[in-house]
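See structure below.
Read-outs throughout are calculated quantities, based only on the coordinates presented, and are distinct from any laboratory measurement. Here the structure is a predicted model, which is why all the values come from computation and not from measurement. Neighbour counts are summed over all protein chains in view; Cβ atoms, including those assigned to glycine, are modelled from backbone coordinates with ideal geometry.
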Amino acid sequence: MDEEFQLLGAMARRDPSAWAAMYDRHVGDVFGFVFHLLGGDRNAAEDVNQEVWLLAIDRFGRFDPNRGEFRNWLFGIARHRALRYRRHRLGDIPDDRIDGPSEELSPHDRLAEAERAGVVRAALLSLHEDHRRVLVDKYVSGLTVAEIAERAGRSAKAVESLLSRARARLREQLRPYFFAKTEGERHERSEARSG
């Protein structure tokens, strides 16, 4: 992490090579996050990804490394830009989710459901591999802690600890979306300041 700390210092001095190094380090993750949040729309993801980096450069003075990692700050910007893009785009629900009229959910509720699913998918993708894997094993594959431990070559206690950290990290990623409902730009400014 010392290398990243040095890069952040150089970025604050507007060193282009430091920005290029940080871009190379995180662009794949940011693009993947946005790509999944936008339902696999590559063109939209490329546009939003570019916007995220331009905003990061413009707003870098608001980033506080004491409040979180640069990567997470980027994901905060990415999440809000992607969701903003979705809200302003017609035909927001992917075709494979439209089975015809539903008597159970209104169009607004279907849109909200699709957006929530995209946010959760993107939040999972933003986690480090060990956290993502243990959550998917437990809650998607339905494996027990003992089965996960056996598969990973860890003790059950270690898996329980990893699960606890992974759940906390996922909650942290989802908190701005599910627990802090505010208007887009106002929330985005707050997120950019908080990292």
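Before moving on, here are some points about what is shown:
- Gain upon complete extension [residue 6, residue 42; 0.36 nm per residue less C-alpha separation]: 9.7 nm
- Residue 58-residue 129 FRET efficiency (beta carbon distance; Förster radius 25 Å; 0.05 resolution): 0.25
- Rounded to the nearest whole Hz, the Karplus-based 3J(HN,Hα) values (6.51 cos²θ - 1.76 cosθ + 1.60, θ = phi - 60°) of region 25-33 follow the sequence 5, 10, 4, x, 5, 5, 4, x, 4, with x at glycine and proline.
- Ranked by how many other beta carbons lie within 10 Å on average, peptides 55-64, 72-81 from highest: 72-81, 55-64
- Charge tally in the Cβ shell below 12 Å around residue 126, where Lys, Arg are +1 and Asp, Glu are -1, residue 126 excluded: +1
- Compared with the direct C-alpha span, the chain from residue 72 to residue 160 gains 29.3 nm at full extension, assuming 0.36 nm per residue.
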